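**Student:** Got a structure for you, written out below as structure tokens; questions coming shortly.
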Amino acid sequence: MSIKSLPSRADKKKTVVSRFTDLFEGKYFAWLLLAPSLAMIAFFIFYPLYRGLTLAFTHTILIESPDSTFVGLDNFRQLLKDPLFWTSTRHTLIYLVIGLISQVAVGLFAAVLLSRERRMIWLLRIILVIPWFVPPVVTAYMWRFMLDPDFGIMVKLAHYIGLDLGGAGIWGDPDKTIYGILFVELWRSYPFFMLFFLAGIQGIPKDMRESTSVDGASALQHFRFIILPLIKPVMFISSLLGAIHLINSPTLILLMSNGGPGDSTLVLPLYAFRKAFQNFDFGYASTISVAVLVAIAGFAIVYVRFIGFGKED
Amino acid sequence: MTSTNENQIKPKKKKTTFVAKLGTFAISIFVIYAIAPILWTFYTSLRTGRDIMINATGLSFNNLSFAAYGSVWRDTNFPALVRNSLIICTITVILSLTLGTGAAYALSRSNFRGRQGVLLSYILIRLIPGVLLLVPIYILMFKIHLLDTYIGLALAYTTFTIPATVWFMKGFFDSLPTDLENAARIDGCSRLGAMWRVSLPLVLPGLAATGTLIAIEAWNDILFALLLTSSNRSRTWPVGMREMIGEFQLPWEQLTATAFLSLIPVLIGFALVGRKMVAGITAGSLKE
């Protein structure tokens, strides 16, 4: 780069301060600027990651003793026999699959709508992104209120179109609760996909639509044969990130149902959270988390193999 | 649509206007979908508890008042919690912007060995399940005596916002020409001086957008706050709100008032730099 060949400061007085700032002139310039953030990441992410991985192989229950004893694969054996683990795995899968499909579909639809150039379109884009920035606590209680069997406006509206959500309501019926939360999760999270897809669509040259319409393609055909294939890479990356978010973040479930009623909305991260901060069983909680990590890695590998590169046509 | 003679004469124009109208209609639905819940929450917060009990889903504009806001502000410890949240947000924004901007500048301007590795590690961090880190971070904070302190929570937030900060700021630096800095360097500016005096002023709007994004992230979070705070000394508002609802069976009008109050800072930030923020997110996301 041309910066390197330029002379550094012309008049050098070797004071302590200038000696320190001179460090930034040399080849360590980049590393000096990077060092603080990398140190923080190492200290607060990589070290805890290592600790988490090792804790999974120990017996660490804080209320019994502050020490942890190495127990090898005991926790994992217990995990495989734990019915609650399998229940939460099933719930996690439901949450992942339905959440991902609904959010990608709605996000894609919204992105296509917002991709047309017109006046004030940026304002519409901002408005549609708002739900993503609403604090999860607010989202959770706002929607709990609106979906309340006695006081909820949404329940009343659903009644108008023939959908009966009365009786025990969404929050009292173990079969309905997870779908209620997924409905709220859709409201909150589809803008994430929308932004990604919007960026992808805007990357497509503008005159593309003109040429396809000259060839007689309908808007739908244009979408199917031009837009969809071209934003495939964006869809691929965003779905992976979105899936990880869905598996990892129990925030909405924690706030809206806390795993209940019964254990009908217990997902893996929430189960780990419970084990850690209700039973103080840090070892077993870490084991569950490691299982989540393995599941994510497995999902990512399968995803990359079959969806990422499998369908190149 | 059946094809009549009219349609065959000018099929193209007819079709686009129909599609355009359908599009406008669909966009309006999306706008309502996005903001109606917030408006309904605001409306409920203005009603009296009695009105909500009698006719919760009815729409009437009698007896609306800000009384619920007054009682939330006076009778609960919500103001103290908001103060805690604001302090923690400020520390997080300052730390994250300082560290992240430096790193972003280095990654944008110099081509050193290991650059790709650093960039990759910022992405890989996002793949680590947060729940795996919660327990060890809790233990770590316990050991360095930062549980239930402002700085402890702010450090956790900083760590998790740095990758996004770096990606955003790198995007903004990348879009600046290097000529200006080179000129400054020839005139005797140090490298840090060139960054500070030439580049930073030019990315100020980007810096503001990124800072707002960090602030919103820290303002909204509940998971870490739940974990790392245990008393009113450092507890943030989301934890407090969750507790108020659990303990006191908060009446709906106060609940919705609290919800709307805590949404106001987010909406203000969004109104100020939302456009830049959305642009930054889309630009940054594509490069990943």
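The values are calculated or read from the model by the stated rules, or taken from the named source; none is laboratory data. This structure is a prediction, so every number in the text was calculated from the model and none was measured. Cβ sites come from the backbone with ideal geometry, for glycine too, and all protein chains shown count toward neighbours. All accessible areas refer to the heavy atoms of the entire protein, side chains included, with ligands and DNA or RNA removed. Shrake-Rupley method; radii C 1.70, N 1.55, O 1.52, S 1.80 Å.
**Student:** For residues that are out of contact with any Ser or Thr (no Cβ under 7 Å at 6 or more places or on another chain), more than 9 Å from every other protein chain (Cβ to nearest Cβ) and not hydrophobic (A, V, I, L, M, F, W, C), scanning just the range A:185-205, find the one that is most open to solvent (accessible area, probe 1.4 Å).
**Tutor:** A:Pro205
**Student:** Would you tally the residues in the range B:158-193 being within 13 Å of B:Tyr105 (Cα to Cα), aliphatic (A, V, I, L, M), surrounded by 18 or more Cβ atoms within 10 Å (Cβ to Cβ) and more than 9 Å from chain A (Cβ to nearest Cβ)?
**Tutor:** 1
**Student:** Among the helices (runs of 4 or more DSSP H) confined wholly to the range B:34-147, which include 3 or more residues that are more than 7 Å from every other protein chain (Cβ to nearest Cβ), open to solvent by less than 20 Å² (accessible area, probe 1.4 Å) and at pLDDT below 85? Full working, then the answer.
**Tutor:** Values: elements: B:49-54, B:67-75, B:78-109, B:115-124, B:130-143.
The helices (runs of 4 or more DSSP H) meeting that bar number zero.
**Student:** Quick check: is even one residue across the range B:231-239 more than 15 Å from A:Val138 (Cβ to Cβ), surrounded by 20 or more Cβ atoms within 10 Å (Cβ to Cβ) and at pLDDT 85 or above?
**Tutor:** The answer is yes; a qualifying residue exists.
**Student:** Another question about this same structure. I need the full set of residues from the range A:246-274 which are more than 9 Å from every other protein chain (Cβ to nearest Cβ) and either in a helix (DSSP H, G or I) or open to solvent by 30 Å² or more (accessible area, probe 1.4 Å) (or both), in order please.
**Tutor:** A:Leu246, A:Leu252, A:Ile253, A:Met256, A:Asn258, A:Pro261, A:Gly262, A:Asp263, A:Tyr271, A:Arg274, listed by residue number.
**Student:** Of (1) in contact with a Phe, Trp or Tyr (Cβ under 9 Å, 6 or more places away or on another chain); (2) at the interface with another protein chain (Cβ under 10 Å from one of its Cβ atoms); (3) open to solvent by 50 Å² or more (accessible area, probe 1.4 Å), B:Leu255 satisfies all except one. Which?
**Tutor:** In the conditions (1) in contact with a Phe, Trp or Tyr (Cβ under 9 Å, 6 or more places away or on another chain); (2) at the interface with another protein chain (Cβ under 10 Å from one of its Cβ atoms); (3) open to solvent by 50 Å² or more (accessible area, probe 1.4 Å), B:Leu255 misses (3) alone.
**Student:** For the range B:219-230, enumerate the residues that are open to solvent by 10 Å² or more (accessible area, probe 1.4 Å) and part of a helix (DSSP H, G or I).
**Tutor:** B:Trp219, B:Asn220, B:Leu223, B:Phe224, B:Leu226, B:Leu227
**Student:** Just to verify a result, which residue in the range A:215-238, among those that are more than 10 Å from chain B (Cβ to nearest Cβ) and open to solvent by 80 Å² or more (accessible area, probe 1.4 Å), is farthest from the chain's Cα centre (by Cα)? Give the derivation first.
**Tutor:** So the first thing to find is which residues in the range A:215-238 are more than 10 Å from chain B (Cβ to nearest Cβ), and the list is A:215, A:217, A:221-232, A:235-236.
Narrowing the set further to residues that are open to solvent by 80 Å² or more (accessible area, probe 1.4 Å) leaves A:215, A:221, A:224-225, A:230.
On the way: A:Asp215: 40, A:Gln221: 31, A:Arg224: 27, A:Phe225: 29, A:Leu230: 23 Å.
Looking at residues that are more than 10 Å from chain B (Cβ to nearest Cβ) and open to solvent by 80 Å² or more (accessible area, probe 1.4 Å), I get A:Asp215.
**Student:** Considering only the range A:55-74, state which residues are out of contact with any Gly (no Cβ under 6 Å at 6 or more places or on another chain), open to solvent by less than 60 Å² (accessible area, probe 1.4 Å) and in contact (Cβ under 8 Å) with a residue 60 or more places away in the chain.
**Tutor:** A:Ala56, A:Ile61, A:Ser68, A:Val71, listed by residue number.
Table: residues versus (1) in contact with a Lys or Arg (Cβ under 7 Å, 6 or more places away or on another chain); (2) of a type outside the set (A, V, I, L, M).
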| position | (1), (2) |
| --- | --- |
| A:Leu108 | no, no |
| A:Ala111 | no, no |
| A:Arg118 | no, yes |
| A:Trp122 | yes, yes |
| A:Ile130 | no, no |
| A:Val138 | no, no |
| A:Phe145 | no, yes |
| A:Asp148 | no, yes |
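**Student:** Same structure again: Is the range A:212-235 home to any residue that is in a helix (DSSP H, G or I), in contact (Cβ under 8 Å) with a residue 40 or more places away in the chain and in contact with a Phe, Trp or Tyr (Cβ under 8 Å, 6 or more places away or on another chain)?
**Tutor:** Yes.
**Student:** Take the range A:275-284 and flag every residue that is on the phi < 0 side of the Ramachandran plot and within 11 Å of chain B (Cβ to nearest Cβ).
**Tutor:** Listed by number, the residues that qualify are A:Lys275, A:Ala276, A:Phe277, A:Asp281, A:Phe282, A:Gly283, A:Tyr284.
**Student:** Restricting to the range A:265-294, and then to whatever is among the hydroxyl-bearing types (Ser, Thr, Tyr) and more than 17 Å from the chain's Cα centre (by Cα), can you tell me which residue is nearest to B:Leu226 (Cα to Cα)?
**Tutor:** Out of the qualifying residues, it is A:Tyr271.
**Student:** Within the range A:130-148, is even one residue closer than 24 Å to A:Arg209 by Cβ, of a type in the set (Phe, Trp, Tyr), at pLDDT 90 or above and open to solvent by 40 Å² or more (accessible area, probe 1.4 Å)?
**Tutor:** No, there is no match, as no residue in the range A:130-148 is closer than 24 Å to A:Arg209 by Cβ, of a type in the set (Phe, Trp, Tyr), at pLDDT 90 or above and open to solvent by 40 Å² or more (accessible area, probe 1.4 Å).
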